[in-house]
1. What FRET efficiency would be calculated for the residue pair residue 139, residue 79, taking the C-beta separation as r and a Förster radius of 30 Å, to the nearest 0.05?
2. Could you rank the peptides 48-57, 69-78 by their average count of other C-beta atoms within 10 Å per residue, with the highest value first?
3. For the chain, what does the relative contact order come out to in percent, with C-alpha contacts under 8 Å and a separation of six or more?
4. Need the C-alpha centroid separation for region 274-295 versus region 120-143, integer Å.
5. Ratio to report: Rg/Rh of region 80-305, with Cα atoms as the point set and Rh obtained by the Kirkwood method; give two decimals.
6. With each label point set 7 Å from Cα along the Cα-Cβ vector, what nm distance links residue 150 and residue 131?
7. Quickly work out the residue 239-to-residue 41 label distance, labels modelled 7 Å from Cα along the C-beta direction, and quote it in nm with one decimal.
8. Need the full-extension length gain, residue 306 to residue 120, defined as separation in residues times 0.36 nm minus the C-alpha distance. One decimal, nm.
Amino acid sequence: MTTIADVTTSGANSTRKGLSARHREWIAGYLFVLPDVLGLFVFLGVPMLLSLVLSVYEVNGFGGYNFVGAKNYIRIWHDPLFWKGARVTALYAVMLVPSLYVTGLGLALLVQQTNRFNAIMRSMFFAPNMVSLVVVALVWQFMVIDKIGVVSQAMAGLGLPSISFLGDPNFALITVVLVSVWFLMGFYMLIFLGGLQDIPKEYYEAAMIDGAGPIKRFRYVTLPLLKPTSFFVLMVSMVAAVAGAQAFDIIYVMTKGGPANSTSVLIVYIYQQAFSFGAFGYAAAMSSILVVALMIVTAIFFAVTRGGRFDHAE
């Protein structure tokens with residue numbers, strides 16, 4: 001006599017038999033990434049859509065909304081400070097991204113051997129990431145302040161000319177970039193370290209048997225096998241530089257975009273327009289353009305590197 005439990009069990013078995021192992025893996029994978037996708041949609045997608053809607057309104061900050069259409073975007077086209085911020089952002093990214101790549105990879109090569117000394121060095125290089133960016137910016141601001149800063153006094157003790165690191169437009173952005181590199185290089189060191197540890201030692205042994213020295217091993221073994229890691233580092237650092245993920249805290253605390261707007265990256269200018277002048281609609285329009293520009297830059301980077309392969313042959 002067939003019971004309901006038997007029918008249910010046979011139906012479940014038939015369902016499992018109807019799904020191949022590959023399909024079950026796909027379903028499991030999608031279920032694992034579903035929470036992240038939902039989180040990205042709620043905390044990034046929805047605000048971006050709301051910002052796009054807000055960009056066609058003029059907001060007075062007291063709940064008044066006035067539809068202005070493309071007026072905010074036309075204003076952007078004629079705003080010299082916006083284009084100044086775009087140039088500063090591009091310059092900041094051009095200086096920051098290669099610097100992070102070189103320092104991150106260099107530190108990873110320096111401490112890749114597993115021993116107690118290198119473990120201590122890794123912790124020391126990564127330590128700045130455990131401190132708030134605001135605290136980092138305040139400490140560095142005190143160190144490079146004119147006349148009384150540690151760096152200024154050290155330069156004076158060596159007989160070097162005094163430099164206004166944060167007051168001179170020619171040095172302010174460079175100073176901000178150096179502080180950003182100091183703060184972030186330990187994080188990218190760990191990423192490169194993971195990539196280096198994934199390279200099989202047999203490749204290095206084969207290269208040594210063929211007579212390849214350290215430079216050739218690095219050029220023909222390490223760099224080619226680090227292409228996926230390099231792609232990730234360049235992509236993440238570029239997005240962070242353009243979007244101002246770390247730049248805002250450091251720049252706003254140390255210079256507030258000055259002097260003479262020499263460190264006013266777009267994210268700082270957008271913040272000032274929104275929260276200093278109450279131009280929320282205009283700030284939303286600039287944010288929308290920044291997102292579109294970042295998507296275009298990311299697409300170009302993907303096309304140039306072919307998704308991290310950098311060439312046709314792999």
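Computed from the coordinates by the stated procedures, all read-outs in this text should not be read as laboratory data. Just so you know, these numbers come straight off a predicted model, no measurement behind them. Neighbour counts are summed over all protein chains in view; Cβ atoms, including those assigned to glycine, are modelled from backbone coordinates with ideal geometry.
1. Numbers: r = 34 Å, r/R0 = 1.14.
Step by step, r from the Cβ atoms, then E = 0.30.
2. Working: 48-57: 16.2, 69-78: 13.9.
Peptide ranking by packing, descending: 48-57, 69-78.
3. Values: 308 pairs, mean separation 85.1, N = 314.
Answer for the chain is 27 percent.
4. Using only Cα atoms to place each centre, the spacing works out to 30 Å.
5. On the way: Rg = 20.3 Å, Rh = 19.5 Å.
For region 80-305, the value is 1.04.
6. About 0.8 nm, to one decimal.
7. 1.9 nm
8. Numbers: separation 186, 0.36 × 186 = 66.96 nm, distance 3.71 nm.
Length difference between fully extended and current span is 63.2 nm.
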